[in-house]
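Asks: The structure under discussion is supplied below as C-alpha coordinates; questions concerning it will follow.
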Amino acid sequence: MADKIKIGIIICDRYRECAGGKCFRALKNREGAFDKYKDQEIEIIGYTTCGGCPGGNVEYAPAELQKNGAEVIHLATGFVVGYPPCPYVEHFRDFIKTKYRMKVVIGTHPIPQKYYTTHQQLGTWKSPAWQELIAPILADETIRTAYD
(Lines give C-alpha, C1' and ligand atoms only; values in the text may rest on other atoms or scores of the structure.)
Protein backbone atom coordinates (compact mmCIF):
# COMPACT_ATOMS: atom_id res chain seq x y z
CA MET A 1 0.00 0.00 0.00
CA ALA A 2 1.09 3.56 -0.70
CA ASP A 3 1.49 6.24 1.95
CA LYS A 4 -1.36 6.98 4.31
CA ILE A 5 -3.64 9.84 3.22
CA LYS A 6 -4.96 12.02 6.03
CA ILE A 7 -8.42 13.42 5.42
CA GLY A 8 -10.71 15.97 7.03
CA ILE A 9 -14.44 15.90 6.30
CA ILE A 10 -16.65 18.98 6.39
CA ILE A 11 -20.40 18.41 6.24
CA CYS A 12 -23.28 20.77 5.52
CA ASP A 13 -24.61 22.20 8.78
CA ARG A 14 -28.19 21.24 7.97
CA TYR A 15 -26.98 17.66 8.58
CA ARG A 16 -25.08 18.60 11.76
CA GLU A 17 -26.57 15.73 13.72
CA CYS A 18 -25.47 13.18 11.12
CA ALA A 19 -23.35 10.45 12.66
CA GLY A 20 -21.44 10.00 9.40
CA GLY A 21 -22.57 6.44 8.75
CA LYS A 22 -22.74 6.74 4.96
CA CYS A 23 -19.45 8.63 4.77
CA PHE A 24 -17.62 6.08 6.92
CA ARG A 25 -19.18 3.11 5.09
CA ALA A 26 -18.10 4.60 1.77
CA LEU A 27 -14.62 5.16 3.20
CA LYS A 28 -14.39 1.55 4.37
CA ASN A 29 -15.69 0.23 1.03
CA ARG A 30 -13.74 2.78 -1.04
CA GLU A 31 -16.93 3.90 -2.78
CA GLY A 32 -18.03 7.30 -4.00
CA ALA A 33 -15.32 9.94 -3.70
CA PHE A 34 -13.22 7.53 -1.62
CA ASP A 35 -12.86 5.23 -4.64
CA LYS A 36 -9.73 7.21 -5.57
CA TYR A 37 -7.95 5.80 -2.49
CA LYS A 38 -8.41 2.11 -3.35
CA ASP A 39 -4.73 1.34 -2.92
CA GLN A 40 -4.04 3.67 -0.02
CA GLU A 41 -4.46 3.66 3.70
CA ILE A 42 -6.67 6.49 4.98
CA GLU A 43 -6.85 8.22 8.32
CA ILE A 44 -9.71 10.57 9.20
CA ILE A 45 -8.25 13.55 11.04
CA GLY A 46 -11.51 15.34 11.77
CA TYR A 47 -15.21 15.66 10.99
CA THR A 48 -17.06 18.95 11.39
CA THR A 49 -19.79 21.13 9.88
CA CYS A 50 -19.47 24.19 7.70
CA GLY A 51 -21.04 26.19 10.53
CA GLY A 52 -24.25 26.99 8.70
CA CYS A 53 -24.91 29.35 5.82
CA PRO A 54 -22.84 30.98 4.56
CA GLY A 55 -20.25 28.58 6.01
CA GLY A 56 -18.35 30.56 8.62
CA ASN A 57 -16.58 27.47 9.94
CA VAL A 58 -15.04 26.88 6.51
CA GLU A 59 -12.79 29.85 7.21
CA TYR A 60 -11.27 28.23 10.33
CA ALA A 61 -11.85 24.46 10.40
CA PRO A 62 -9.34 23.64 7.64
CA ALA A 63 -6.58 25.25 9.73
CA GLU A 64 -7.27 22.92 12.64
CA LEU A 65 -7.57 19.92 10.35
CA GLN A 66 -4.31 20.85 8.66
CA LYS A 67 -2.53 21.28 12.02
CA ASN A 68 -3.62 17.73 12.82
CA GLY A 69 -2.14 16.43 9.58
CA ALA A 70 -4.98 16.60 7.06
CA GLU A 71 -3.77 16.74 3.48
CA VAL A 72 -7.16 16.55 1.79
CA ILE A 73 -10.53 18.03 2.71
CA HIS A 74 -13.67 16.26 1.57
CA LEU A 75 -16.79 18.41 1.38
CA ALA A 76 -19.48 15.82 2.12
CA THR A 77 -22.03 14.60 -0.38
CA GLY A 78 -24.77 16.45 1.54
CA PHE A 79 -23.56 19.71 0.01
CA VAL A 80 -24.71 18.57 -3.45
CA VAL A 81 -27.72 16.38 -2.67
CA GLY A 82 -29.54 18.64 -0.20
CA TYR A 83 -32.59 20.66 -1.19
CA PRO A 84 -31.40 22.96 -2.56
CA PRO A 85 -27.77 22.04 -3.08
CA CYS A 86 -25.34 24.30 -1.27
CA PRO A 87 -24.87 27.51 -3.27
CA TYR A 88 -21.45 27.97 -1.64
CA VAL A 89 -19.80 24.60 -2.27
CA GLU A 90 -17.61 25.82 -5.12
CA HIS A 91 -16.64 28.89 -3.08
CA PHE A 92 -15.70 26.62 -0.16
CA ARG A 93 -13.57 24.44 -2.45
CA ASP A 94 -11.79 27.41 -3.99
CA PHE A 95 -11.26 29.16 -0.64
CA ILE A 96 -9.72 26.10 1.04
CA LYS A 97 -7.49 25.39 -1.97
CA THR A 98 -6.28 28.99 -2.08
CA LYS A 99 -5.93 29.85 1.60
CA TYR A 100 -4.70 26.50 2.92
CA ARG A 101 -3.13 25.06 -0.24
CA MET A 102 -4.92 21.78 0.40
CA LYS A 103 -6.54 19.36 -1.99
CA VAL A 104 -10.33 19.54 -1.85
CA VAL A 105 -12.71 16.84 -3.04
CA ILE A 106 -16.41 17.50 -3.34
CA GLY A 107 -18.22 14.44 -2.06
CA THR A 108 -17.83 11.52 0.27
CA HIS A 109 -20.37 8.70 -0.11
CA PRO A 110 -22.18 7.88 -3.37
CA ILE A 111 -25.31 9.87 -4.13
CA PRO A 112 -28.29 7.98 -2.72
CA GLN A 113 -30.76 6.93 -5.43
CA LYS A 114 -33.66 8.86 -3.85
CA TYR A 115 -31.69 12.11 -4.18
CA TYR A 116 -30.48 11.21 -7.65
CA THR A 117 -34.05 10.62 -8.86
CA THR A 118 -35.34 13.89 -7.40
CA HIS A 119 -32.49 16.00 -8.75
CA GLN A 120 -32.87 14.37 -12.18
CA GLN A 121 -36.56 15.33 -12.16
CA LEU A 122 -35.73 18.88 -11.04
CA GLY A 123 -32.91 19.22 -13.58
CA THR A 124 -30.56 20.40 -10.83
CA TRP A 125 -27.42 18.80 -12.21
CA LYS A 126 -27.88 19.38 -15.98
CA SER A 127 -25.07 21.89 -16.40
CA PRO A 128 -21.53 20.79 -17.26
CA ALA A 129 -20.33 22.38 -13.98
CA TRP A 130 -22.71 20.21 -11.93
CA GLN A 131 -21.84 17.13 -13.96
CA GLU A 132 -18.20 17.69 -13.04
CA LEU A 133 -19.05 18.23 -9.35
CA ILE A 134 -21.10 15.05 -8.99
CA ALA A 135 -18.90 12.77 -11.14
CA PRO A 136 -16.85 11.32 -8.22
CA ILE A 137 -20.00 10.41 -6.26
CA LEU A 138 -22.38 9.38 -9.04
CA ALA A 139 -21.85 5.57 -8.97
CA ASP A 140 -24.24 3.13 -10.59
CA GLU A 141 -27.87 2.62 -9.61
CA THR A 142 -27.16 -0.49 -7.52
CA ILE A 143 -24.64 1.36 -5.36
CA ARG A 144 -26.83 4.50 -5.21
CA THR A 145 -29.76 2.39 -4.01
CA ALA A 146 -27.59 0.83 -1.31
CA TYR A 147 -27.05 4.35 0.10
CA ASP A 148 -30.78 5.26 0.29
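Asks: Need one value: the accessible area of GLU141 in square angstrom, 1.4 angstrom probe, rounded to the nearest 10.
Replies: Its accessible surface works out to 110 Å², give or take rounding.
Asks: Another one. Using a 10 Å cut-off on Cβ atoms, rank the peptides 123-130, 86-93 from the highest mean neighbour count down.
Replies: 86-93, 123-130
Asks: Suppose accessible area is computed on protein heavy atoms with a 1.4 Å probe; arrange TYR15, TYR147, TYR115, TYR83 from highest to lowest.
Replies: Sorted descending by solvent-accessible area, the residues read TYR83, TYR15, TYR115, TYR147.
Asks: What does the charge count around THR118 come to, taking other residues whose C-beta lies under 13 Å from its C-beta (Lys +1, Arg +1, Asp -1, Glu -1)?
Replies: +1
Asks: To continue, here is another question. Apply the a/c threshold of 1.5 to the C-alpha gyration tensor of the range 32-99 and tell me whether it is rounded, prolate or oblate.
Replies: Because a/c hits 1.5 or more and a/b fails to exceed b/c, the range 32-99 counts as oblate.
Asks: Let me check I've understood the local charge: for ALA70, count other residues with C-beta under 13 angstrom from its C-beta, Lys and Arg +1, Asp and Glu -1. What total comes out?
Replies: Overall, the nearby charge balance is +2.
Asks: Could you pull the accessible area for ASP13 with a 1.4 Å probe, rounded to 10 Å²?
Replies: Only protein atoms counted, so the area is about 30 Å².
Asks: Next question, about the same structure. Where both residues lie in the chain, what percent of DSSP beta bridges are antiparallel, nearest 5?
Replies: Around 0 percent of the beta bridges assigned by DSSP in the chain are antiparallel ones.
Asks: I need the shape label for the range 66-138. Rule: rounded when a/c is under 1.5, else prolate if a/b > b/c, else oblate, with a, b, c from the alpha carbon gyration tensor.
Replies: Judged from the Cα gyration tensor, the range 66-138 comes out prolate (a/c at least 1.5, a/b above b/c).
Asks: Order THR49, THR98, most accessible first, counting only protein heavy atoms with a 1.4 angstrom probe.
Replies: From most exposed to least exposed: THR98, THR49.
Asks: If you take the square roots of the eigenvalues of the alpha-carbon gyration tensor of the range 1-69 and sort them as a ≥ b ≥ c, do you get rounded (a/c under 1.5), prolate (a/b over b/c) or oblate?
Replies: oblate
Asks: Moving on. Any idea of ASP148's accessible area? Nearest 10 Å², probe 1.4 Å.
Replies: 80 Å²
Asks: Step through the residues of the range 52-62 one at a time and calculate ³J(HN,Hα) from phi using the Karplus curve (6.51 cos²θ - 1.76 cosθ + 1.60, θ = phi - 60°), rounding each to whole Hz and writing x for Gly and Pro.
Replies: x, 4, x, x, x, 6, 5, 6, 10, 4, x
Asks: Still on this structure, I have one more. From the mean inverse distance of alpha carbon pairs (Kirkwood) and the Cα radius of gyration, derive Rg over Rh for the range 1-131.
Replies: Here Rg/Rh amounts to 0.95.
Asks: Moving on to the next point. How large is ³J(HN,Hα), in whole Hz, for each residue of the range 133-148 in order, when computed from phi with the Karplus curve 6.51 cos²θ - 1.76 cosθ + 1.60 and θ = phi - 60°, using x for Gly and Pro?
Replies: 5, 8, 3, x, 10, 5, 6, 9, 4, 4, 5, 4, 5, 5, 9, 5
The values are calculated or read from the model by the stated rules, or taken from the named source; none is laboratory data. Keep in mind that this is a model prediction, so the values were computed, not measured. Positions of Cβ are backbone-derived with ideal geometry, glycine not excepted, and every protein chain shown enters the neighbour counts. In case anyone asks, the SASA skips ligands and DNA or RNA and just uses the protein heavy atoms, side chains included. Shrake-Rupley method; radii C 1.70, N 1.55, O 1.52, S 1.80 Å.
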